[in-house]
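Taking it in order: structure first as structure tokens, then the write-up.
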């Protein structure tokens, strides 16, 4: 298991727990810049890429931003113009490669398996969605939501993979792996502050947590049914 946290007091923002079910956590101490200092970054999302059989089950992607929210990190110490907000590991967090992503603060990302290389999709704190088809070397803008992004996840049970993004103004969905996007809010009514999402393995069942309740979809997000109220009571706020 991997944990990304907010930067704190010159300590690493990435931690991992191996074979302990979360009982023991070790810092990824090599998460440092060229001068050996820990990257001063808030980690907002961790995307493991377990693809058994193709030699990629130790791959890991993370994204984040500077704690002040004013610049993307890591920022190269030797080349300040080369701002990067995504990191990549091929050995379960032992070593990291920083990927160039321009001056964007990133909030969430997903990885889509491809036979040749993974496709990456990420969203900025301004709701701009970017996609890379060459291991994060180049990025292309594909959509802008004009909403505050919360969480992006992949439904791997569909072909091609569906990508779903929750925001403070509803749910956005792409059924062509990020090329095109549309809103899918049927059944949510005015309860559009969607803060978290969970997609069930081997099923099109999706759960979305809003600031007020819990919703369920069994048709890949086409429609949503409220399931969060029990005995007339509201659940706790469901955030990431």
For this session: Restricting attention to strands (runs of 3 or more DSSP E) lying wholly within the range 81-165, give those where 2 or more residues are exposed (fewer than 15 other Cβ atoms within 10 Å of the Cβ).
Result: 140-144
Seminar exercise, completed: Going through the range 39-54 in order, the residues found to be in a loop (DSSP other than H, G, I, E, B) and at pLDDT 60 or above are 39, 40, 41
Exercise. Do we find a residue being farther than 24 Å from residue 124 by Cβ, in a strand (DSSP E or B) and at pLDDT 95 or above anywhere in the range 179-202?
Worked result: no
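The values are calculated or read from the model by the stated rules, or taken from the named source; none is laboratory data. The shown structure was predicted, so the numbers you read here are calculated from the model rather than taken from an experiment. Quick reminder, even Gly has a Cβ in these numbers, built from the backbone with ideal geometry, and neighbours come from all protein chains shown.
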